[in-house]
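Quick notes on the structure that follows.
The values are calculated or read from the model by the stated rules, or taken from the named source; none is laboratory data. As the structure is a prediction and not an experimental result, all values here were calculated from the model. Cβ: placed from backbone, ideal geometry, glycine included. Neighbour counts: every protein chain shown. For accessibility, only protein heavy atoms count, side chains too; no ligands or nucleic acids. Shrake-Rupley method; radii C 1.70, N 1.55, O 1.52, S 1.80 Å.
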Amino acid sequence: MTKVAAMVGTDAIAEAMRQINPDVVPAYPITPQTSIVETYAQMVADKLVDTEMINVESEHSALSAAIGAAAAGSRVMTATSSQGLALMWEMLYIASGLRLPIVMTNVNRALSAPVNIHCDHSDSMGARDAGWIQLYSEDAQEAYDNIIQAVRIAEHPDVLLPVMVLMDGFIISHSLGRVELLEDQPVKNFVGTIQPPYSLLDTKNPPSFGAFDGLHGYYFEVKRAQAQGMLNASAVIKKVGTEFAGISGRSYDFFETYRLEDAEYAIIALGSAAGTARTAVDELREQGERVGLLKLRMFRPFPAQELVDALSHIKAAAVLDRSDTLAGSIGGPVFVELRSAFYEAEKKPRLYNFIYGLGGRELDINMMKQTVETIQTGMSDGVVQSSVAYLGVRE
Amino acid sequence: MSKSWDVSEISKWGWSKHPVGAVIPEPATTNRYVTGGWRSLRPILDLEKCVHCFICFIFCPDSSILVENEKMDGFKLEHCKGCGICAQVCPKNAIHMMNEAEALGLEQCLLPDDDKKDKKEDKSA
Ligand code: SF4
Ligand code: SF4
């Protein structure tokens, strides 16, 4: 029996955490993430969970404590946003390098300056090479589902990597949405108990974590092994996504397609923009346009080959990025990686990049339709305008 | 105590042979290598004054106070960093810190003649 509730995204995450009941949650508040750890702290105080909650003095300490607890063999979760994620920076790499399966929600928020508390993806996209798995969520339901799956993915012996679950600040985190909640027991059975390969608390065989690689230099080998964990993650994410359907009726893959099979044009988006895109696709379809949507859920690892296979029949695609690489004219991170994925493909769509929504700038259905119009005109004119455009910026 | 981890060939290991996350599957220990090489001061014990109270043993941050038959027995110089804490906490002023270079010179003078010759040969080798 599932329960349907109207919930804001942060509560959906806290509820998933309650059901998972992690051993340790070190956390520091930051808008718009705060209500996750606030709600969770209440659950701890009410003894709904037996988590040890550690109140720390910064996000750097939050992730440091998470790393220590995970090295001790605990199941550890935390949450952050924006500047908090930025402050965690050096620890992000240590968590992934030590192969500690920490699960963290990052509620996407723009990075300063100027100071801005609204949604864009500059925080998590900046961390894309930190060795964390990244799963983006379209709504509170997906955020809830992703968190539960993230535990299994992170702790899988072939993977052993930290997982970041992304949720758009305010748009999802603070908006009421319909969430189907699972019963506690199926969630508990699904996540099982953590089986760490090493534990600092193993007094019979006490290991050492985080040692200097000596002057012998085996850093390179350890990084190569880490790359393998990320490579292995794809199969595990697929398997866990399918298994999750068994308890929820909702299956998950690397990405989701909508009216894409017979489409000529496609919109590629991640996060809450996918909902807007879906409506735009429906409206354009009503006008006879053959448009489809590809919603990317998994950004790390990047499903390059699968994306090529799913999009090669498309004439042109609008790739939406809610952050900029600020690297000149090469476009946003999703665009850069997708274009790179297509380099060796024989059949490929013309790819256009639309950077939108920075600092929470509104994205509406008309703007979404405008991206499709732009790529259609670009194709019919044969005139290749700039591949990278800023959508919704005041010129 | 688990069997000692054999890392004699670690420089030849392929990437999949390393424990996940560069974990060292045994407790942190520097037993097997010298970490006292950069000491600039050396603790010197005056056994006459020492009352074997082990305050130095408790305070030494590098576990470098040697104990033999429940008696303070000098310093493990392979790991002593020369921080001087032992000298500072000793209630009997039984430890003083000596310049390491001087101590090394003294050591050299005190070596029996045969050993001196060996050392010289070692260097030239
Ligand atoms: S603290 Fe001083 S007196 Fe006590 S054991 Fe050490 S050297 Fe001896
Ligand atoms: S000098 Fe410092 S490291 Fe050396 S024995 Fe004394 S306390 Fe220990």
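At a glance:
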{"quantity": "Distant-in-sequence amide H partners of B:Phe75 (H built 1.01 Å from N, under 5 Å)", "calculated": "B:Leu66"}
{"quantity": "J(HN,Hα) series, segment B:95-103, from Karplus relation 6.51 cos²θ - 1.76 cosθ + 1.60, nearest Hz, glycine and proline x", "calculated": "10, 10, 9, 10, 4, 4, 4, 4, 4"}
{"quantity": "Peptide-level mean, for A:188-201, of C-beta atoms on other protein chains within 10 Å", "calculated": "1"}
{"quantity": "MRE, 222 nm, helices only [DSSP H, n ≥ 4, -39500 (n - 2.57), over chain A, to nearest 500]", "calculated": "-12500 deg cm²/dmol"}
{"quantity": "Nearest-ten-degree value, helix B:113-124 long axis tilted from longest Cα axis of chain B", "calculated": "40"}
{"quantity": "Simple spin-label estimate for B:Gln108 and A:Tyr93 in nanometres, 7 Å along Cα-Cβ", "calculated": "4.2"}
{"quantity": "Most mobile listed residue (B:Gly21, B:Gly84, B:Gly105) in chain B, GNM with C-alpha springs under 10 Å", "calculated": "B:Gly21"}
{"quantity": "Surrounding net charge for B:Ile95, when Lys and Arg each add one and Asp and Glu each subtract one, Cβ distance under 11 Å", "calculated": "+2"}
{"quantity": "Of the trypsin sites (Lys or Arg not before Pro) in segment A:312-346, those whose Cβ has at most 15 other Cβ within 10 Å and which sit in DSSP loop", "calculated": "A:Lys315"}
{"quantity": "Choice from A:Val222, A:Val103, A:Val308 with maximal GNM fluctuation in chain A (Cα, 10 Å cutoff)", "calculated": "A:Val222"}
{"quantity": "Charge context of A:Met298, other residues only, Cβ under 10 angstrom, K/R +1, D/E -1", "calculated": "+1"}
{"quantity": "Tensor-based shape of segment A:255-391 (alpha-carbon gyration tensor, a/c under 1.5 rounded, otherwise prolate or oblate)", "calculated": "rounded"}
{"quantity": "Low-density loop cleavage sites - trypsin sites (Lys or Arg not before Pro) in segment A:124-205, where at most 15 other Cβ are within 10 Å (DSSP)", "calculated": "A:Lys204"}
{"quantity": "Antiparallel %, DSSP beta bridges [both residues in segment A:255-391], to 5", "calculated": "15"}
{"quantity": "Net charge, A:Val222 excluded, C-beta distance under 12 Å - Lys, Arg +1, Asp, Glu -1", "calculated": "+2"}
{"quantity": "For segment A:15-74: rounded, prolate or oblate by the Cα gyration tensor [a/c cutoff 1.5]", "calculated": "oblate"}
{"quantity": "Accessible area of chain B belonging to carbon and sulfur atoms, whole % at 1.4 Å probe", "calculated": "54"}
{"quantity": "Average other protein chain Cβ within 10 Å of Cβ, residues B:28-35", "calculated": "1"}
{"quantity": "For A:Val8, distant residues with modelled amide H under 5 Å away", "calculated": "A:Gly177"}
{"quantity": "Buried solvent-accessible surface, both chains (A, B), 1.4 Å probe, Å² to nearest 100", "calculated": "1600"}
{"quantity": "Selection of chymotrypsin sites (Phe, Trp or Tyr not before Pro), segment A:106-171, meeting DSSP coil and at most 12 other Cβ within 10 Å", "calculated": "none"}
{"quantity": "Residues whose placed amide H lies under 5 Å from that of A:Ala389, excluding near-sequence neighbours", "calculated": "A:Asn353, A:Phe354, A:Ile355"}
{"quantity": "HN-Hα J in Hz across segment A:188-196 - Karplus 6.51, -1.76, 1.60, θ = phi - 60°, x for Gly and Pro", "calculated": "4, 5, 5, 7, x, 10, 5, 10, x"}
{"quantity": "3J(HN,Hα) from dihedral phi, segment A:364-377, Karplus parametrisation 6.51/-1.76/1.60, rounded to Hz, x for glycine, proline", "calculated": "10, 5, 5, 5, 5, 5, 4, 4, 5, 4, 4, 6, 5, 5"}
{"quantity": "GNM result for chain B, Cα springs below 10 Å: residue of B:Ile55, B:Ile85, B:Ile24 fluctuating most strongly", "calculated": "B:Ile24"}
{"quantity": "Ordering of A:366-373, A:282-289 by packing [mean C-beta count within 10 Å, highest first]", "calculated": "A:366-373, A:282-289"}
{"quantity": "Chain A: antiparallel DSSP beta bridges as a percent of all, rounded to 5", "calculated": "25"}
{"quantity": "Length-normalised contact order for chain B - Cα pairs under 8 Å, 6+ apart - percent", "calculated": "26"}
{"quantity": "Whether segment A:254-322 is rounded, prolate or oblate, judged on the alpha carbon gyration tensor where a/c under 1.5 counts as rounded", "calculated": "oblate"}
{"quantity": "Percentage relative contact order, chain A, counting C-alpha pairs under 8 Å, at least six apart", "calculated": "15"}
{"quantity": "Averaged over B:11-21, number of beta-carbon atoms from partner chains that fall within 10 Å", "calculated": "6"}
